[in-house]
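The values are calculated or read from the model by the stated rules, or taken from the named source; none is laboratory data. Since we're looking at a predicted model, the values are computed, not measured. So basically every Cβ, Gly included, is an ideal-geometry build from the backbone, and we count neighbours across all protein chains shown. Just so you know, the surface numbers come from the protein's heavy atoms only, side chains and all, with ligands and any DNA or RNA stripped out. Shrake-Rupley method; radii C 1.70, N 1.55, O 1.52, S 1.80 Å.
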Amino acid sequence: MANSIYTSIQQRKSEGKKSFVVLIDPDKVNEHSLDDITLKALDAGVDYFFVGGSLMVSGKMEHCVRGIKERSSIPVLLFPGSPAQLTGHADALLYLSLISGRNPELLIGQHVISAPTVKQSGLEVISTGYIVIDGGAPTTVSYISNATPIPNDKPDIAVCTAMAGEMLGMKLIYLDAGSGAQKPISEEMIAAVSLNTSLPLIVGGGISQPEKAYLNVKHGADIIVVGNSIERNSSLIKELADAVHQVVNAG
Ligand code: 1GP
């Protein structure tokens with residue numbers, strides 16, 4: 001199992017480069033919108049696609065991943081809400097453990113059940129400490145996970161959770177306010193987590209403005225993920241990617 005995607009993420013971080021990710025929910029796209037999003041993503045220099053969601057009703061995961069791969073060379077990482085969303089057609093799997101929650105199924109239970117399938121898939125597996133922050137109102141992830149999100153005004157809890165994830169050997173930290181969050185994660189919380197861990201830091205949930213994406217990377221996020229706003233207006237892809245890519249840190 002090659003390590004090429006994670007190596008590229010680490011390399012970009014060590015060079016101070018910021019990455020922009022378009023999140024695709026297979027329930028929300030069709031052939032036409034996939035054409036549109038992949039074209040715009042290629043034009044904007046999008047770094048990765050994430051594909052998945054906390055709840056998927058269509059069962060179109062594999063079809064969607066293949067559709068993206070046929071249309072672009074941008075790496076595709078699975079961001080699965082459950083083991084049912086696994087497909088070997090992607091380039092890598094964010095192997096998420098919901099370390100902000102206390103639901104044992106999402107900390108380790110589903111991993112045990114899916115471990116043989118994951119191993120056989122040949123996917124590059126990237127162990128990810130998944131930290132859900134209160135986005136101002138219940139989101140699909142906060143409801144489905146049956147786990148309390150971290151209050152958005154408690155950066156210390158997020159910091160300690162991320163530190164624990166790093167010391168447990170996780171390779172990425174993902175701070176998520178949940179898809180369509182009313183309130184994206186504060187720059188204060190992003191800065192605190194970034195200062196206290198050395199892992200690449202992914203931030204997503206409720207980001208709709210290029211200015212917010214810019215501020216997030218300025219405050220230490222390495223990878224910005226946007227889904228909902230792009231589903232509503234795909235022209236945002238270029239503005240968001242440009243806002244993220246304009247920030248380069250000194251390593
Ligand atoms: C959700 O972080 C992602 O898990 C992206 O959120 O859909 O609100 O952009 P949005």
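Quick notes
- 1.4 Å probe accessible area per residue over region 4-242, in Å²: 43 Å²
- For LEU23, the amide hydrogen comes within under 5 Å of the amide hydrogens of PHE50, VAL226, GLY227, counting only partners 5 or more places away or on other chains and with H modelled in the peptide plane.
- For the cross-link pairs LYS18/LYS171; LYS18/LYS183; LYS17/LYS238; LYS18/LYS218; LYS40/LYS60; LYS40/LYS69, the ones whose C-alpha atoms lie over 19 Å apart are LYS18/LYS183; LYS40/LYS60.
- Cut-off under 5 Å, modelled amide H: who pairs with ILE150 long-range: VAL132, ILE133, ASP134
- Our note on the geometry: Cα centres of region 46-70 and region 25-39, 9 Å apart.
- The chain, accessible surface, carbon-and-sulfur percent (1.4 angstrom probe): 54 percent
- Whole-number percent relative contact order across region 4-242, with pairs defined as alpha carbons under 8 Å at least 6 apart: 20 percent
- Sorted on the mean count of surrounding Cβ atoms within 10 Å across their residues, most packed first, peptides 114-121, 171-178 read 171-178, 114-121.
- Relative to its Kirkwood radius, the Cα radius of gyration of region 56-102 gives an Rg/Rh of 1.02.
- Among residues other than LEU96 with Cβ under 13 Å from its Cβ, the summed charge is -1 (Lys and Arg +1, Asp and Glu -1).
- Per-selection metrics, the chain (Cα): Rg and Dmax in Å: 16.4, 44
- Here the Karplus relation 6.51 cos²θ - 1.76 cosθ + 1.60, evaluated at θ = phi - 60°, turns the backbone of region 21-28 into coupling constants of 10, 9, 8, 10, 9, x, 5, 9 Hz, with x for every Gly and Pro.
- Translational D in µm²/s for region 13-111 (Stokes-Einstein at 10 °C, 1.306 mPa s, Kirkwood Rh from C-alpha pairs): 111 µm²/s
- Distance distribution note for region 1-62: the fraction of Cα pairs above 15 angstrom is 61%.
- Note: region 53-173, Cα convex hull, 118 Å³ per residue.
- Helix-only [θ]222 nm of the chain, DSSP H runs n ≥ 4, -39500 (n - 2.57) each, per residue, nearest 500: -11500 deg cm²/dmol
- Taking every DSSP bridge with both residues inside the chain, close to 5 percent are antiparallel.
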